[in-house]
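Below is a structure I'd like to ask you about.
The values are calculated or read from the model by the stated rules, or taken from the named source; none is laboratory data. Here the structure is a predicted model, which means the values were calculated and not measured. Note: ideal-geometry Cβ built from the backbone for every residue, glycine included; neighbour counts use all protein chains shown. What goes into the accessible areas is simple: the full protein's heavy atoms, side chains included, and nothing from ligands, DNA or RNA. Shrake-Rupley method; radii C 1.70, N 1.55, O 1.52, S 1.80 Å.
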Amino acid sequence: MEIELDVKELEGFKEKNFKDRLAFIKKYAEWVKKSTNKEWSSQQKKIINK
Amino acid sequence: MEIEYLENGFKFEKELNQLDEFTIEFCSILNELKLNYVVVSGYIAILFGRNRASEDIDIIVEKMDFKKFEELWKKLDLDCLNADNSEDAYKEYLVNNESLRFSKHGEFIPNIEFKFVKNNWDLEALNEKKIVILNENIFYISSTELNIAFKIYLGSDKDLEDASYVYEIFKDRLNMFKLEGYIKKLGIMEEYKKWKLNLM
């Protein structure tokens, strides 16, 4: 069975996903700025040292 | 975020992750040998809190002669992933504008991507470098304006996200005249406008 792909729709999803990522990064940066260095860096360490 | 803004850089403390530790370790040797270098690209966003892993840390260094490089080679207690000896590393890679990759013994990731200055943009990164004093350790990074501009120029989703993060953290202190000057020189005004629109 052939799968029908709507490339335009996929492009739309991709674009929306990217915009959502940027919105998240903005919120995360705001949180980092409000947090103590100990708070954000200990969370960062857990991800990077995995 | 607690950062002390110095005349030409940043001083702060954080819980060090393995990328911070590796950068500090490598740069302490470059400092000891009084080499002129600058850490560039993705690590800048990570240094200031971006929460993502990275395979490498990019370092640009001013050209040096073989004697000086050999001194550095002997001091690095690391594996070189693409050359077996100092002569090959220097003659086959560095002088041909190819990067060397150094990792901890028996490991592949993360690694330091180490290269000579090869164009005016690299030179600009060196000339405009900023000092970082992180938990009393000193190293040098490219300016946030140049970092953001170059990330927009590179243009992958990851690069644009890094640019956005650095912009959000430092937006009240950025020299927008300088940033937009880089944007113009890189010929990416349309990309910059689109990127800024996405930030709103």
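Take B:80, B:27 and sort them by solvent-accessible surface of the protein heavy atoms, 1.4 Å probe, largest at the top.
Putting B:80, B:27 in descending order of accessible area: B:80, B:27.
So, with +1 on the Cβ of K and R and -1 on the Cβ of D and E, and no other charges, what is the size of the charge dipole of the stretch B:135-174 about its Cα centre, to the nearest 20 debye?
100
Related question: Determine how many Å³ per residue the convex hull of the Cα atoms of the stretch B:83-200 encloses.
150
Related question: To the nearest 10 square angstrom, what accessible area does residue B:160 show with a 1.4 Å probe?
Rounded to the nearest 10, that gives 30 Å².
Starting from the eigenvalues of the Cα gyration tensor, five times each then square-rooted, give me the equivalent ellipsoid semi-axes of the stretch B:144-200, largest first, whole Å.
In descending order, the three semi-axes are 14, 14, 10 Å.
Residue by residue, what Karplus-based ³J(HN,Hα) values in Hz, rounded to whole numbers, does the stretch B:23-28 have, using 6.51, -1.76 and 1.60 with θ = phi - 60° and x for Gly and Pro?
Whole-Hz 3J(HN,Hα) from phi for the stretch B:23-28: 5, 4, 4, 5, 5, 5.
Summing -39500 (n - 2.57) over the DSSP H runs of n ≥ 4 in chain B and dividing by its residue number, what mean residue ellipticity at 222 nm do you reach, to the nearest 500 deg cm²/dmol?
So the helix-based figure for chain B works out to -13000 deg cm²/dmol.
Still on this structure: Ignoring everything but the protein chains, give the 1.4 Å probe accessible area of residue B:188 in square angstrom, nearest 10.
Using a 1.4 Å probe on the heavy atoms, I get roughly 10 Å².
A further question on this structure: Whenever you get a sec, compute what percent of the accessible area on the stretch B:11-142 sits on carbon and sulfur atoms (1.4 Å probe).
42
Could you pull the Cα extents of the protein assembly as shown along its three principal axes, largest to smallest, in whole Å?
Answer, in whole Å and largest first: 58, 52, 39 Å.
Let me ask you something else. Tell me, what is a quarter of the convex hull surface for the C-alpha atoms of chain A, in nm² with one decimal?
Averaged projected hull area, Cα only: 5.7 nm².
Another one. Based only on Cα atoms, what mean projected area does the convex hull of chain B have, in nm²?
Here the figure is 11.3 nm², rounded to one decimal.
Continuing with the same structure: Roughly how many Å is it from the Cα centre of the stretch B:92-151 to that of the stretch A:1-31, as a whole number?
Their Cα centres are 31 Å away from one another.
If you line up the long axis of helix B:66-75 against the longest principal axis of chain B, both from Cα atoms, how many degrees apart are they, to the nearest 10?
The two axes meet at around 90 degrees.
Just to be sure I understand: if you take the accessible area of chain B alone plus chain A alone and subtract the pair, with a 1.4 Å probe, what total do you get in Å², rounded to 100?
Roughly 2600 Å².
Other chains near B:97-105: what is the mean number of their Cβ atoms within 10 Å of each residue's Cβ?
The per-residue average across the peptide is 0.
Let me ask something else about it. Determine the order of B:172, B:56 by accessible area, beginning with the largest, at a probe radius of 1.4 Å.
B:172, B:56
What average count of beta carbons from other chains do you get within 10 Å of the Cβ of residues in B:9-16?
Average per residue, whole number: 4.
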